[in-house]
Structures are given as C-alpha cells and as structure tokens.
Amino acid sequence: MRLQESGEMYLETIYVLSQQMNIVRSIDVVEHMGYSKPSVSRAVRLLKSNGYLTVEDSGALILTESGKAIGEKIYARHKLLTELLVRIGVDRETAAEDACKMEHTISDTTFNALRKHLNMDFDK
C-alpha cells in the first residue's frame, strides 16, 4: 500500500524535526506544520497503526525504520528539487513551496536521474 502525500509530509516533518531536536512530540509537529492538534493526533494514530512510528509513554514520536526511510527520502527530494529550482532562477521561497508539491509525485527514476545529472547527493 502506497502512503498518501499527507502521510509522507508528516513523516518528512518528524524526520526533519528529529534532526533538530532530541525529542519530537505531536505539539512540535502542530507548531511546525501549522495544523490543528486533532489533525496531527489523527495522523499520528494512522502512522502508528501502519508501523511508521511509535509513541513513547513520554509522548515522544519515534520513527520506525520504514518511517525514517520515507522521511529521509522525501526530505532528500525536497532539498534536491529546491536547489534545482533555485539554480534555474526561482527565488528560494517559491522553489521550496514548489518542491514541496513535486517531491511526492516525482518517480524514483526521474529523481535519481536528476540527482546524477546535477551531481547532488542528498540521501542524508
């Protein structure tokens, strides 16, 4: 089953926040994404039930291996696509917004070809 775009966005956000913070909680996701607490709570429940993350008793959100892999993948796409758009003359803010839309639909084949062509490695 393919994860929907919204699920990918949550995993990417949790991944990015986990690179910046020791502990990521739902409230951090709420503040970062600007979504309501009920929306984030619902998404966390779905991601947990599908094996993409666990929630510790303290409320910390921990990505599973599969959740982390997806978060890393989407973030790598975001960075590469943003940089590509900036290189061709798009302002950084617009590039980041557009990359956010494109990162969920671009195929692995196209992404890998772009990465190779641009000599850019954003896996980590």
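Name the residue farthest towards the positive end of the dipole of the chain from the options 70, 22, 102, assuming +1 on Cβ of Lys and Arg, -1 on Cβ of Asp and Glu, about the Cα centre. In the chain, that residue is 70. Per-residue accessible area (protein heavy atoms, 1.4 Å probe) orders 32, 117, 78, 104 as 117, 32, 78, 104, starting from the largest. Taking amide H as placed 1.01 Å from N in the peptide plane, residue 25 has its amide H under 5 Å from the amide H of 61, each at least 5 places away in sequence or on another chain.
For residue 53, the amide hydrogen comes within under 5 Å of the amide hydrogens of 48, 64, counting only partners 5 or more places away or on other chains and with H modelled in the peptide plane.
Give, rounded to the nearest 20 debye, the magnitude of the charge dipole that the chain has about its Cα centre when Lys and Arg contribute +1 at Cβ and Asp and Glu contribute -1 at Cβ.
200
Its DSSP H runs of at least 4 residues, each contributing -39,500 (n - 2.57), put the calculated 222 nm mean residue ellipticity of the chain at -21000 deg cm²/dmol, to the nearest 500. Take each peptide in 39-48, 82-91, count the other Cβ atoms within 10 Å of every residue, and average; sorted highest first, the result is 39-48, 82-91. Rounded to whole numbers, the Karplus 3J(HN,Hα) couplings from phi for the stretch 32-43 are 5, 8, x, 9, 6, 4, x, 5, 5, 4, 5, 5 Hz, using 6.51 cos²θ - 1.76 cosθ + 1.60 with θ = phi - 60°, and x at Gly and Pro. Going by the alpha-carbon gyration tensor, a ≥ b ≥ c the square roots of its eigenvalues, is the stretch 67-119 rounded (a/c under 1.5) or, if a/c is not under 1.5, prolate (a/b greater than b/c) versus oblate? Oblate, because a/c is 1.5 or more while a/b does not exceed b/c.
Would you mind calculating the gained length between residue 110 and residue 33 on full extension (0.36 nm times residue separation, minus the Cα-Cα distance), in nm to one decimal?
In short, 25.0 nm is gained.
Counting heavy atoms of the protein chains only and a 1.4 Å probe, report the per residue accessible area for the stretch 63-124 as a whole number of Å².
I get 60 Å² per residue for this part.
Percent of accessible area on the chain owned by carbon and sulfur, 1.4 Å probe?
51
The values are calculated or read from the model by the stated rules, or taken from the named source; none is laboratory data. These figures come from a predicted structure and were not determined experimentally. Positions of Cβ are generated from backbone atoms using ideal geometry, with glycine treated the same way; all protein chains shown enter the neighbour counts. Remember, those area values only see protein heavy atoms, side chains included, never the ligands or the DNA or RNA. Shrake-Rupley method; radii C 1.70, N 1.55, O 1.52, S 1.80 Å.
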